[in-house]
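Only one structure is covered here, and it is reproduced in the block below.
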Amino acid sequence: MLSFKNSTILKILDYYKNIWALSYVSAVSHWDLETYMPKKGVVARGEALGRLSTIRQKMFLDKEFVGLIHMASQERGLSDEESGVVRVLLKSLSFYEKIPEEFLEEFENITNTTTVIWREAKEKDNFKIFEKSLSKIFDMNKQMAEYLGYKESPYDALLDLYEEDLTTKDVTNHFELIRDPLKELLGNIIKSRKYVETHELENAKYDKQKMSELNDKVLKTFWSDIDSFRMDISSHPFTTSFGKNDTRITTWYHDTNFARSLLATIHEFGHALYDMQSKSELEMTPIEGGNSLVIHESQSRFWENFVGRSSSFIKKFLPDMEKVVGKKLTAEDVSLYFNKVSPGLLRVEADEVTYHFHIMLRFEIEKGIIEGKLKIKDIPEIWNSKMKEYLGIIPKKDSQGILQDIHWSGGSVGYFPTYSLGTFLGAQWEEQIKKLKIKTDNYEDIKKYLQENIHQFGSTYTLDDLLKKNKMKFDPTVNIKYLQDKYSKIYNL
Ligand code: MG
């Protein structure tokens, strides 16, 4: 059955291709900026991207197009995909209609300069340099929340920007469920006899060429259609998709700790697969690929945690890992290395157990500032006391504390919770796949399951609706149960 046949929707999709084309060019420019562009190109690229986004907004707000969207929203008997198109377009429309153009322009300018200031502050290890700009970012986010409107907390309006319908109450409830069990688990791990702060493989130097070959080999094992996909290097790994037939991921290489490169590659592959397995009919439409950050992160975390950290995966690629570090390894030891739990200062290096504490801390700070209960100048102190409370450690430098993430400098407030929620959901997909008795190294059946139940739909459904369709309910305790079972075995608890 054709997904799109309503005549208003067909008109919408036809016009939308202009907007899609602009987004497409922006995405390619952005990918190039992060990978190959000579440094000095950055000013012109920033200008071009800014203008493209203004043109895109104007095109979106074209009277006739807006009329068609409103008309379609009144139609009955739309297919799920058609309703999805209307839902996604109405959301963008309401954003553009509620927020004044001058405000968006100012926001864009401020975030561009703030990122530069953040980099300087981080290099110099000095929060003071960043404080005023951060204040401005949070003030503008507060203002944005007022423009957008909300029922209970202004933070709701910001969460909804990153995950449709997500509320402060939801996030608070989810974290309430996991905080104590996770604290207990972490406490037991630290007390256990097998606990180590550092695994020796973390400090082992590795051969970057061999590591890059391993990354390629793993990706080819997961996905044989190399003509629709490529991997490059960037300062921080990311995925971008220009359509299901051209999806790009990046990875990174360091001198030591090869798992960082390998697991990042697998994580990004999980994101890429969502876009590559979206159905062809959705190409160039507003619901192509996934736009729920929680569903997206559930895919990357699924591959990273359940496939990449599994013993079957480690056994399969053990000889390649030996080449990477240039010495004999045992699967048991690599497994301990890949699944080591120990509190650290940096979110991006955190293990499965401590990761959520990093997110809770950021969530509590963001919520506090947006609701007017915390002040920016007090944040470094609050950061330290929460780190002490959750992980028992305190950063000595701002660059390893409040200045570590790029998100706030880029204007994003309300984004962090989607990382934890995605991880929770990833565990639920794992549970489903286990029920079907699909093994962690049966990549074909895993991909098929994910395609049939998640990927093919692109953004047709909201997170809630996708779960309903799969007869599931969002449940963070599945992740907790998984962590308790897994780490009790590893640490003999
Ligand atoms: Mg991710």
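Some notes on this structure:
- Net charge over other residues, Cβ less than 9 angstrom from the Cβ of Asn257 (K, R count +1; D, E count -1): -2
- Positive minus negative residues near Asp441 (Lys, Arg vs Asp, Glu; Cβ under 9 Å): +3
- Rolling a 1.4 angstrom probe over the chain with all protein chains present gives an accessible area of which 51% lies on carbon and sulfur atoms.
- About its Cα centre, the dipole of the range 252-407 is roughly 540 debye, where the only charges are +1 on Lys and Arg Cβ and -1 on Asp and Glu Cβ.
- Around Ala145: net Lys/Arg minus Asp/Glu count, Cβ-Cβ under 14 Å: -3
- Tail weight of P(r) past 22 Å, computed on alpha-carbon pairs of the range 53-167, percent: 50
- Distance between the range 40-80 and the range 212-237 - C-alpha centres, whole angstrom: 32
- The mean of 1/r over all pairs of different alpha-carbon atoms in the chain, once inverted, gives a Kirkwood hydrodynamic radius of 23.9 Å.
- Part-to-part distance (alpha-carbon centres) for the range 272-351 and the range 101-151, which is given in Å: 32
- Highest average packing first - 92-98, 6-12, Cβ atoms within 10 Å: 6-12, 92-98
- Ranking Ser385, Trp429, Ser412 by how far each Cα lies toward the positive end of the dipole of the range 377-468 (charges on Cβ) leaves Ser385 at the top.
- All Cα-Cα distances of the range 371-493, cut into 10 Å bins from zero to the largest, leave 10, 27, 28, 24, 11, 0 percent in each bin in turn.
- Derived scalar couplings between HN and Hα for the range 399-415 equal 5, 9, x, 4, 8, 6, 9, 7, 3, 5, 5, x, x, 7, 10, x, 7 Hz in order, rounded to whole Hz, by the Karplus curve 6.51 cos²θ - 1.76 cosθ + 1.60 (θ = phi - 60°), x for Gly and Pro.
- Shape call, the range 355-423: gyration tensor on alpha carbons, a/c limit 1.5: rounded
- The chain - percent relative contact order, Cα under 8 Å, separation 6 or more: 20
- Using θ = phi - 60° and Karplus 6.51 cos²θ - 1.76 cosθ + 1.60, couplings along the range 159-170 (whole Hz; Gly, Pro as x): 4, 4, 5, 9, 9, 3, 6, 6, 10, 4, 4, 3
- Efficiency of FRET between Glu106 and Ile190 - r from beta-carbon atoms, R0 51 angstrom, step 0.05: 0.60
- Global geometry of the range 210-256, whether rounded, prolate or oblate, following the gyration tensor of its Cα atoms and the 1.5 cut on a/c: oblate
- Mean residue ellipticity at 222 nm, helices only, the chain: -20500 deg cm²/dmol; runs of at least 4 DSSP H residues each add -39,500 (n - 2.57), and the sum is divided by the number of residues.
The values are calculated or read from the model by the stated rules, or taken from the named source; none is laboratory data. Everything quoted here is computed from the prediction, not taken from an experiment. Note that we place each Cβ from the backbone using ideal geometry, even for glycine, and neighbour counts take in every protein chain shown. The accessibility values were calculated without ligands, DNA or RNA, using every heavy atom of the protein model including side chains. Shrake-Rupley method; radii C 1.70, N 1.55, O 1.52, S 1.80 Å.
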